[in-house]
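Structure first, then comments.
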Amino acid sequence: MAEAAAVVAESLAGYRARAARAVLEQVVLPGEELLLPEQEDGEGPGGAGERPLRLNAGARSRRRVVCGPGLRRCGDRLLVTKCGRLRHKEPGSGNDGGVYWVDSQQKRYVPVKGDHVIGIVTAKSGDIFKVDVGGSEPASLSYLAFEGATKRNRPNVQVGDLIYGQFVVANKDMEPEMVCIDSCGRANGMGVIGQDGLLFKVTLGLIRRLLASDCEILQEVGKLYPLEIVFGMNGRIWVKAKTIQQTLILANILEACEHMTADQRKQIFSRLAES
Amino acid sequence: MAAERKTKLSKNVLRMKFMQRGLDSETKKQLEEEEKKIISEEHWYLDLPELKEKESFIIEEQSFLLCEDLLYGRMSFRGFNPEVEKLMLQMNAKNKAEEVEEETVELDVSDEEMARRYETLVGTIGKKFAKKRDRANYEEDENGDLKPIKTKKMFLKPQD
């Protein structure tokens, strides 16, 4: 699989290797090869001619670059594995080349270590619960991975309960494993999500947009009704408001946010605020 | 017959520690070589060409957490669930505050206050390290402070 991808990439690379800096915020396609700023000088097609000669080109040390989701390292090369916009985060300090990733639009969730997700308990077997998280395989959740749980004091988790938890093991070769405590053993909001409420699914891109720290949608939603909301990185959202009607309205708004412009959204919010 | 048999002690016997004193240097070397051979044969390794992986400057990371500054996933608005609301403030403030806190390390107790506090503790701690016999000499005065009182022990003449 990896070899096949590499071969395809190689055939493409002949005429398609573009500098990562040149395609920032632009659409990239799977199989494309990107050149990091350090590699541009020598290998970039026609790069040397266009670029003014640098005096200290040799003295420059190579910086560590992180390639995020949608990108993959193949030896010394950087390959694209998802289609979407290429994004870049500026480095925080010295020997750090920043983070590159592809902002893609997808619905399929692949467990990633450290992600907070909403899962549904599907089975209880001895010491572990099986939790459906929307991935290719159900995740396992130990009964000891709850706050205050001991061998004698089991957590009260039933089949069908919603769990907000975090992945501690998630890779392509192993069964994903969840926990509902952090490294200090505290729940920090993780565990079984309360009764009632409504669970629905949106795209993974929308979840990230809603969770962005400068998200206007959430601020506006928060002004409407008293509500509680949980976002899972696996595309699941759980909402609960005082009445069923309000809960449904909120769910519909959040689902519709996917394809609404800011103006359309403001209209709807103002109409709701009046009623 | 007898002489022949004498020279043909088995190798295992010759390898024993008490047998090595009487051996000449040649047989000693031979034995050592054989022993080395055995060890190297037992030591197995993978018959692979040496991996020549250069240090990579690209790190793979499949999580969005590192890329985007995402908020904590549980939220509550307008007092629907006060517990979550408190938690939400705490979790979301953590990311921002971490950077700020590093710059201004505030002292909980100022140096002066600390000195004043320890001043009163001198007697108490002195008592702790004093021997049992001396402990009686520490007496509490009206302020509650402990002060060592020196009383010389001497023979008291009984009254008659």
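The values are calculated or read from the model by the stated rules, or taken from the named source; none is laboratory data. For clarity, every value in this text was computed on a predicted model and none was experimentally measured. Here the Cβ positions follow ideal geometry from the backbone for every residue, glycine too, while neighbour counts run over all protein chains shown. These area figures cover heavy atoms from the full protein model, side chains too; ligands, DNA and RNA do not enter into them. Shrake-Rupley method; radii C 1.70, N 1.55, O 1.52, S 1.80 Å.
For the reader, a short list of remarks on this structure follows.
- Taken together, B:E103, B:E53, B:E26, B:E83 contain a single residue that is modelled with pLDDT under 85, open to solvent by 90 Å² or more (accessible area, probe 1.4 Å) and within 12 Å of chain A (Cβ to nearest Cβ), which is B:E53.
- Helices (runs of 4 or more DSSP H) (entirely within the range A:194-275) containing at least 3 residues that are surrounded by 18 or more Cβ atoms within 10 Å (Cβ to Cβ): A:204-211, A:216-224, A:244-256
- Contacts under 7 angstrom Cβ, first residue in the range A:205-230 being within 23 Å of A:R108 (Cβ to Cβ), partner surrounded by fewer than 16 Cβ atoms within 10 Å (Cβ to Cβ), 6 or more apart: A:G205/A:Q105; A:L206/A:E258
- The set of residues in the range A:127-141 being farther than 24 Å from A:F231 by Cβ and either modelled with pLDDT of 95 or more or open to solvent by 60 Å² or more (accessible area, probe 1.4 Å) (or both) consists of A:D127 alone.
- Residue, nearest to A:E147 (Cα to Cα), within the range A:164-185, restricted to residues that are part of a loop (DSSP other than H, G, I, E, B) and small (G, A, S): A:G185
- Filtering the range A:79-94 for residues that are in a strand (DSSP E or B), touching a residue at least 24 places away in the same chain (Cβ under 8 Å) and facing another protein chain (nearest Cβ under 8 Å) leaves a non-empty set.
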